[in-house]
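Okay, so here's the structure we're looking at.
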Amino acid sequence: MKKVLVTGGLGFIGSHTVVELQQRGFEVVIIDDLSNSSINVLDGITAITGKAPLFEKIDLKEKTDVEAFFEKHGDIMGVIHFAASKAVGESVEKPLLYYENNLNTLIYMLKSVLKLDVSNFIFSSSCTVYGQADTMPITESAPIKPAESPYGNTKQIGEEIIRDTCRAYSHLNTIALRYFNPIGAHASAKIGELPIGVPQNLVPFITQTAAKLRKELSVFGNDYPTPDGTCIRDYIHVVDLAKAHVVALERLLDGKNVSNFEIFNLGTGKGSSVLEAIQAFERVSGKSLPYKFAPRREGDVIQAYADTTKANEVLGWKASLTLDDAMDSAWKWERKIRNIG
Ligand code: UD1
């Protein structure tokens, strides 16, 4: 069995990817520091796949611990690096924490990966690197705009670090995946998103409002130059996203990559407005969602949705689940964790 390291493997996207990897026959080792995840996620993964992944609680900022880990696991064939801090607002308040967490750890990982017999590396990037793109849908060659936040900057700099490292070391093979807006949960409702505190992202806020943990949703801005005045995003089901990681890893393992640093957008290619997202939730849940219009949120772009041609044709992956599927699974998950029948 091919052994794969998944850092941040107990997080939202990481855990769903571990499930898909195990179901494809990979042996998975998870590193997670549990700073923004729960150890119980391991049980969810095990319940779905019938197999417990290996798990090591390591803080990737501890360079010597990272080195010791790789000495023990020299047979790793690929690394999928999710571990990172991701709260945009927090990154503005604590920039150094974000640069340390997201960049130091990336550097230590790359150094270790370079020493392996097989140096395959997949990086979690984000559509945030495009800022407000001038044309829709957004292709991978759209210009990178100045980052709106330290978090966004860590993704841009992260890609640059990887690009430079790939130039210097031809045996390093990497893929950066630029996610649009990941939402939803596993259909089994055994794993899903676990936001800490008040959710900043739309879908967990919607499901928590429907579960009566929040009074109402504030729709940030209804005067944008879009058909219904609310912002447009490309909401991608987390299970589709997880499958893309397996496809990307297999591309590297099979030596099918055409350069040693490839970039793919991961989205559905379809833009949905905030009001359309609410309507999708109401449709699948049969519940009416209390919401009000509120001022625009600082830093929000008007619209962002992916041109998925490269992912479809070169990577050979296509999102297959719909916004309704994602909302349905997110609501099922919320009901499960809140014990709502
Ligand atoms: C956000 C981050 C982005 C990050 C991504 C990770 C910001 C500005 N951007 O993307 O960098 O990569 O999460 O998932 O934080 N909305 C409401 N009410 C709410 C919450 C959201 O109307 O209570 C709206 C937003 O204005 C936006 C849409 O819903 O139009 C999606 O918001 P969100 O889920 O936070 O994602 P992004 O802002 O696109």
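The values are calculated or read from the model by the stated rules, or taken from the named source; none is laboratory data. All values reported here derive from a predicted model rather than from experimental measurement. Backbone-built Cβ (ideal geometry, glycine too); neighbour counts: all protein chains shown.
Brief remarks on what is shown
- Scanning region 298-312 for residues that are over 16 Å from K270 (Cβ atoms) and either within 8 Å of the ligand (Cβ to nearest atom) or at pLDDT below 95 (or both) yields a count of 4.
Here is a yes/no grid of residues against (1) touching a residue at least 60 places away in the same chain (Cβ under 8 Å); (2) under 19 Å from L252 (Cα atoms); (3) of a type in the set (A, V, I, L, M); (4) surrounded by fewer than 22 Cβ atoms within 10 Å (Cβ to Cβ):
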{"position": "P146", "(1), (2), (3), (4)": "no, no, no, yes"}
{"position": "T165", "(1), (2), (3), (4)": "no, yes, no, yes"}
{"position": "A176", "(1), (2), (3), (4)": "yes, yes, yes, no"}
{"position": "F180", "(1), (2), (3), (4)": "yes, no, no, no"}
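- The number of residues in region 301-324 being charged (D, E, K, R) and surrounded by fewer than 16 Cβ atoms within 10 Å (Cβ to Cβ) comes to 3.
For every residue, the table says whether it meets (1) within 16 Å of the ligand (Cβ to nearest atom); (2) in contact with a helix residue (DSSP H, G or I) (Cβ under 6 Å, 6 or more places away or on another chain); (3) of a type in the set (V, I, T); (4) modelled with pLDDT of 95 or more.
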site: S272; (1), (2), (3), (4): yes, yes, no, yes
site: R296; (1), (2), (3), (4): yes, no, no, yes
site: V314; (1), (2), (3), (4): no, no, yes, yes
site: L323; (1), (2), (3), (4): yes, yes, no, yes
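For every residue, the table says whether it meets (1) in a helix (DSSP H, G or I); (2) assigned by TED's automatic domain parsing to the domain that holds S125; (3) within 16 Å of the ligand (Cβ to nearest atom); (4) in contact with a His (Cβ under 9 Å, 6 or more places away or on another chain).
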residue	(1), (2), (3), (4)
V246	yes, yes, no, no
E250	yes, yes, no, no
G255	no, yes, no, no
E262	no, yes, no, no
E282	yes, no, yes, no
L289	no, no, yes, no
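- When residues in region 13-31 are screened for being of a type outside the set (D, E, K, R) and in contact with a strand residue (DSSP E or B) (Cβ under 7 Å, 6 or more places away or on another chain), 11 of them pass.
- Counted residues, region 175-218 - those being of a type in the set (S, T, Y) and within 10 Å of the ligand (Cβ to nearest atom): 3
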